[in-house]
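The next block holds one structure in the form of structure tokens; read it before the comments.
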Amino acid sequence: MVQEAKLMPNNPFEHDKFMPETFNVVGKQGMRRIDGYRKASGAAVYTKDVLLQGMLYAKFLTCPYPNAKIKSMDTSKAETLPGVRAVLRYDDPEIKGKKAISTNGGEELILADSAYFQGQEVGAVVAADTEDVADKALKLIDVEWEERPFVLDEEEALKPDAPLARPEELPKNNILLPGSGLTWIPSLFELGDVEKGFKEADKIIEFEARRRYHGCADVETPNGITKWEGDWAELWVHHQHAYEHKWAMNKWFGTPMNKVKINSLYNGAMYGGWNWIYYSMIPQCVSAILAKRTGRPVKWIFNRRDDFYLGQMDVMVAYFRVGFKNDGTITAVKARTVFANISLRDTLAHLAENTSIPNLYSENVTVQVNKGPVTAIRCEQAPPALGITHVFDRVAAELGMDPTELALKNDGAEGKDMEYLAEFKRKHGFPVRDSLKECVEAGKKAMGWDEKWHAPGTKRLPNGKMHGLGFIWDHEWDDNRGAAVAGVLIQQDGSVSIVGQHCDIGVNGESAYCQVVAEELGMRYEDVAIRQQDDVHFALMTPDGSCNLITNAYTLKKAARKAKQKLLELATSITPVMEESILAAFPDMKREDLDERERDIPAAFPGMKPEDLDVKDSVIYVKADPSNRKTVAEVVKDVGGSITFKQEMAGIQNTRHEPVYAWAWHRQGRYGTEPGRERLCRQAHFCEVEVDDETGEIEVTRVVNVNDVGKAISPEAVAGQMYGGTYMGAGRNKTEECVWDEQTGVLLNGDLLNYKFATMNDVGPIDTIIVETGMGYGPYGSVGIGENIATVATFLLQGAVYNAIGKWVDDYPITPDKVLKALGKA
């Protein structure tokens, strides 16, 4: 079993080799969610809830202009305000011009004197007795600003005479070069010969699509606490990369990592976003500086407007040219995309990864504009999700073809067909199943697709509204990223502890980890526990990329299998204590005179070998005779009378055998960039809408999500991601957009009243269908889901609106004014 654990791949192209014949815990419905009562009852503790004795509150000065530099600053009035304990300025000798290491290895100025978007934290930080005092002190800071020209539109930023959005960083133009840290994709991507593909096409179409800047605001605004005790530091972090703060504290202050304690409490909503921008760890550095200077704990905190800091990384305009045959075979796709502030995934990436389209050509340019940074909010796959959706929607419409049939016709990978994928599956030990076909068939049946499908703009409902159907598809991601370390300890009462720290983001990870360990050990689910908030010096993979469960589950699977082997060895072995050594030292002593605490522990299953036993429901039994059984608690029990007292006492000073404990490390690929690793699982989404062609209003009356997750470890958690992703996708489709005043560059809707997130009232009934083909690279053939629906469903309504009104709206969000404009009514 230990050898099996060693054989689990670190860079897997293979299917999980160690699959149970039947599942007892993994995949079961109705498992009690570990954090459920705490969160539902209000007992769960979040970083923002933490109050420490003598704690101060740190607030940041923000820039009122979209592009400005501090010429001078007077903080004297703020410093003398009663209740203010410290003011940290950008020109303080300790930090002036200094950058601090941050998340993902990036660097950022601790306090800058220049701002590149309105609302950027810059110049000064106030630490005060209360938030109110800190806010008042910020208003007393007198700043003379050098206001500079600004640019808000990505295509405007490309023009030779455009204002420089970041003159200190990009003194010549606004173009970011590949490899700059904000541009991760090459300027050119090619597959096959695109011009040859166009010559083979029967038809060629051209169109463009635009995604406007949209963001997020977590329920719990960004915050954190630093407390010093001599040269020891304790941090409370509202951040997905909690353990990285140990490393950062070492880089910032030289504090040894073994003298840094991290508290990673529950998080009030978190979707990547803030955690991925370089500045996200800098406020913690600032709070540590202020805590050192004042000798008191310091909590830094953003208000709600501060929280509207960043946007999703699909702020873009893309121009497409697509060639295809009359039977629906797509022969060539060419795209040119202009991204704002960052680019990570090519617009045609999913066409390369998921289709048999042999010829692709994609040009990319990324420019800086005077808006907040953009990053992965829920996911970085939004640009290629836009690309695959628009290409397939447009081709299907041009041919008058059912879009589900077009998807199935062009499914594949790297320009190769489904037979290539079938051979890949056979070669690497996967079941040979058609994931997309299974997803499409399940979704069509649930939606009643064949009965409802109609030509665009032809179905008016009795209520006067236009009826529309939409369909999109993509691959399921991800299952090949990251590393983790964790331990499994069987306590002396037979309960099991998972040893590992992990950031909670609300996706039921605690329960899933306990399910995996229970499955592999043969324990009851309720006998396994984890407190992932605690700093135990073992870091599970951070919740990023929809694959931390894959990496962490492999790690825990390894550790649990090792622990099970140790448990069975203990059950079949005599445990020497001191019996023989005492008898050898005292020849006159008889064996029966020995104290029980000095005698060797007999085997729980004498005459048996570990392979003769198994464990189920926290009971160890003989395979050949299941009636010969003992509970795990009976086998591991290691208590006796203490030296002084005769009652039982489970204490380390009195134990007679080593703890049943094992740890494991696992690395899962290299960020999904392995050449030749094909994506095998698919997802498909269907929606039904009603469009009022007099007002432009869109009502989403029904959604069907179908996701092939390979193996659902926690089906309720999977369904939860499908529900939540649908609401997020609907909001991004219909309403979500940050709006700036074009004259001043000021963000106008940085609050929860005017930035329109979708709620439960904005989407009709949602069907969640889980397909399990076992074709993921993760444990039990699993693959991630957390990012999928919100990312892909962001573009679900485009085809549905077209099907309703017979006109394209390719500018997101699809608001009523755009619908009316497409209809020629505005």
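The values are calculated or read from the model by the stated rules, or taken from the named source; none is laboratory data. Just so you know, these numbers come straight off a predicted model, no measurement behind them. Quick reminder, even Gly has a Cβ in these numbers, built from the backbone with ideal geometry, and neighbours come from all protein chains shown. Just the protein is used for accessible areas: all its heavy atoms, side chains included, with ligands, DNA and RNA removed. Shrake-Rupley method; radii C 1.70, N 1.55, O 1.52, S 1.80 Å.
How large is the accessible surface per residue of the chain, computed with a 1.4 Å probe and reported in Å² as a whole number?
Solvent-accessible surface per residue comes out at 39 Å².
Over all alpha-carbon pairs in the chain, figure out the percentage whose distance exceeds 46 Å.
Looking at the chain, the distances longer than 46 Å represent 31 percent of pairs.
Using the Karplus equation 6.51 cos²θ - 1.76 cosθ + 1.60 (θ = phi - 60°), what ³J(HN,Hα) coupling, rounded to whole Hz, does each residue of region 253-259 give in order, writing x for Gly and Pro?
10, x, 6, x, 4, 6, 10
Return the subset of LYS98/LYS756; LYS416/LYS711; LYS98/LYS261 for which the Cα-Cα distance in this structure is over 28 Å, preserving the input order.
Flagged as over cut-off: LYS98/LYS756.
Report, by chain and number, residues whose modeled amide H sits under 5 Å from the one on ASN749, excluding near sequence neighbours (fewer than 5 apart, same chain).
Distant-sequence amide H within range of ASN749: VAL739.
Can you give the FRET efficiency to the nearest 0.05 for GLU147 and TYR37, using r as the Cβ-Cβ distance and R₀ = 60 Å?
FRET efficiency, GLU147 to TYR37: 0.70.
Search the structure for amide H atoms under 5 Å from the amide H of ASP544, placed 1.01 Å from N in the peptide plane, and list their residues when 5 or more places away or on another chain.
none
What is the distance, in nm, between label points placed 7 Å from the Cα along the Cα-to-Cβ direction at ILE601 and at ILE205?
It is 7.1 nm.
Relative to the longest principal axis of the C-alpha atoms of the chain, give the angle of the C-alpha long axis of helix 548-571, reported between 0 and 90° and rounded to the nearest 10°.
Helix 548-571 and the main axis of the chain meet at about 10 degrees.
Expressed as a whole number of Å, what is the distance separating the alpha-carbon centroids of region 82-140 and region 448-479?
Cα centres, region 448-479 to region 82-140: 50 Å.
Using only the Cα atoms of region 373-447, build the gyration tensor, take square roots of its eigenvalues as a ≥ b ≥ c, and label the shape rounded, prolate or oblate: rounded if a/c is under 1.5, else prolate if a/b is larger than b/c, else oblate.
oblate
I need the shape label for region 339-488. Rule: rounded when a/c is under 1.5, else prolate if a/b > b/c, else oblate, with a, b, c from the alpha carbon gyration tensor.
oblate
Evaluate Rg over Rh across region 687-728, taking Cα atoms for both radii and Kirkwood's formula for Rh.
1.18
How long is region 1-144 along each principal axis, judged by its Cα atoms, biggest number first, in Å?
The Cα atoms of region 1-144 stretch 72, 39, 28 Å along their principal axes.
Give the Kirkwood hydrodynamic radius (Å, one decimal) of region 255-357, defined as one over the mean of 1/r across all pairs of different Cα atoms.
Result for region 255-357, one decimal place: 18.6 Å.
Report the Cα centroid-to-centroid distance between region 213-236 and region 332-384 in angstrom, as an integer.
Here the answer is 32 Å between Cα centres.
So for each of 416-423, 545-552 I average, over its residues, the number of other beta carbons within 10 Å; can you give me the resulting order with the highest mean first?
Highest to lowest by the protection proxy: 545-552, 416-423.
Taking only C-alpha pairs under 8 Å that are 6+ residues apart, what is the relative contact order of the chain in percent?
This gives 16 percent for the chain.
Quick one: pull the percent of accessible area on region 343-390 belonging to carbon and sulfur, 1.4 Å probe, ligands and nucleic acids left out.
Ligands and nucleic acids excluded, carbon and sulfur give 45 percent.
Sort 520-528, 279-287 for me by packing, meaning the mean count of neighbouring Cβ atoms within 10 Å per residue, highest on top.
279-287, 520-528
From the C-alpha coordinates alone, can you work out the Kirkwood hydrodynamic radius of region 730-794, in Å?
15.2 Å
In debye to the nearest 20, how big a dipole does region 243-366 give about its Cα centre with +1 on each Lys and Arg Cβ and -1 on each Asp and Glu Cβ?
800 debye
Let a ≥ b ≥ c be the square roots of the eigenvalues of the Cα gyration tensor of region 407-500; is it rounded (a/c under 1.5), or, if not, prolate (a/b larger than b/c) or oblate?
Because a/c hits 1.5 or more and a/b fails to exceed b/c, region 407-500 counts as oblate.
Tell me which residues come under 5 Å, amide H to amide H, from ASP504 once H is placed; ignore anything under 5 positions away on its chain.
Correct list: ASN267.
Against the longest principal axis of the chain, how steep is helix 382-399, in degrees 0 to 90 to the nearest 10, with axes from Cα atoms?
50 degrees
Using the alpha carbons of region 757-822, what is the convex hull volume per residue in cubic angstrom, as a whole number?
It is 141 Å³ per residue.
Step through the residues of region 752-760 one at a time and calculate ³J(HN,Hα) from phi using the Karplus curve (6.51 cos²θ - 1.76 cosθ + 1.60, θ = phi - 60°), rounding each to whole Hz and writing x for Gly and Pro.
Rounded to whole hertz, the list is 7, 7, 9, 8, 9, 6, 6, 10, 4.
Based on a Kirkwood Rh over C-alpha pairs, give the Stokes-Einstein translational diffusion coefficient of region 513-578 at 10 °C and viscosity 1.306 mPa s in µm²/s.
Here the translational diffusion coefficient equals 117 µm²/s.
Calculate, in nm to one decimal, what GLU699 and LYS821 gain on full extension: separation in residues at 0.36 nm each, minus their alpha carbon distance.
42.1 nm
If you count the DSSP beta bridges with both ends in the chain, what percent of them are antiparallel, to the nearest 5?
Close to 75 percent.
Residue by residue through region 425-442, which ³J(HN,Hα) values in whole Hz follow from phi under the Karplus form 6.51 cos²θ - 1.76 cosθ + 1.60 (θ = phi - 60°), with glycine and proline marked x?
Rounded to whole hertz, the list is 5, 4, 5, 9, x, 8, x, 9, 10, 9, 4, 4, 4, 5, 5, 5, 4, 5.
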